[in-house]
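The values are calculated or read from the model by the stated rules, or taken from the named source; none is laboratory data. Just so we're clear, the structure is a prediction, and the values are computed from it rather than from any experiment. For neighbour counting, all protein chains shown are included, and Cβ atoms are generated from backbone atoms with ideal geometry for every residue, glycine included.
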Amino acid sequence: MRCPFCQHDNDRVLDTRANEDGFSVRRRRCCNNCRRRFTTYERVEEIGIRVIKKDLVREPLSREKIRGGIETACWKRPPSRERIDSVVEGIVAEIHGQFEDEVSSRQVGEIVMKHLAPLDAVAFVRFASVYQEFDSLDDFVNVLSGRQQASGTGDTTS
Ligand SMILES: [Zn+2]
């Protein structure tokens, strides 16, 4: 962890405790270089449900991956950071409401599309066109950001 005061990347942990929500950890740290103290908060990435990908590999459901997919779909589109955040929360809540342990990546994609449609039509079409082909958030982000870089200007008329 890089020290926020002197940028030195060498500290020791003085104290670790779980937050009440059970999903994050607070660590009190001391920089070994300047001796100043700071606090970090770590969010638990694993939120219970696992996603089964097309190749049957399972991975933890990741809020950050969902956000990454939606941000990629909304590239140069109007939805604000706050609206995207609330859509991500809605998607995660719906997945938790419908599934207990496992969900297929295709089902995740369908839920994402359902929430993306009212958010932004262009983002929805971008997501739907790639996702139906590849069926995974990783592939989606890779393919779409590749296309965006290739087109350069962000022209999506093609
Ligand atoms: Zn320091």
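Values as computed for the structure displayed
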quantity: Per-region count, segment 60-82, residues modelled with pLDDT of 90 or more, under 16 Å from His96 (Cβ atoms) and among the polar types (S, T, N, Q); calculated: 0
quantity: Hey, Phe5 outside any loop (DSSP other than H, G, I, E, B) and not assigned by TED's automatic domain parsing to the domain that holds Ser145 or not; calculated: no
quantity: Glu100 vs. criteria acidic (Asp, Glu) and either surrounded by 13 or more Cβ atoms within 10 Å (Cβ to Cβ) or part of a helix (DSSP H, G or I) (or both); calculated: no
quantity: Verdict on Phe140 being modelled with pLDDT under 75, touching a helix residue (DSSP H, G or I) at 6+ places or on another chain (Cβ under 8 Å), within 21 Å of Arg77 (Cβ to Cβ) and surrounded by fewer than 19 Cβ atoms within 10 Å (Cβ to Cβ); calculated: no
quantity: Candidates Val51, Val57 - the one that is modelled with pLDDT of 90 or more and either more than 16 Å from the ligand (Cβ to nearest atom) or assigned by TED's automatic domain parsing to the domain that holds Ala93 (or both); calculated: Val51
quantity: Subset of segment 60-105 [free of Cβ contacts under 8 Å to residues at least 12 places away in the same chain, farther than 21 Å from Ser145 by Cβ and within 16 Å of the chain's Cα centre (by Cα)]; calculated: Glu82, Ser86, Glu89, Ala93
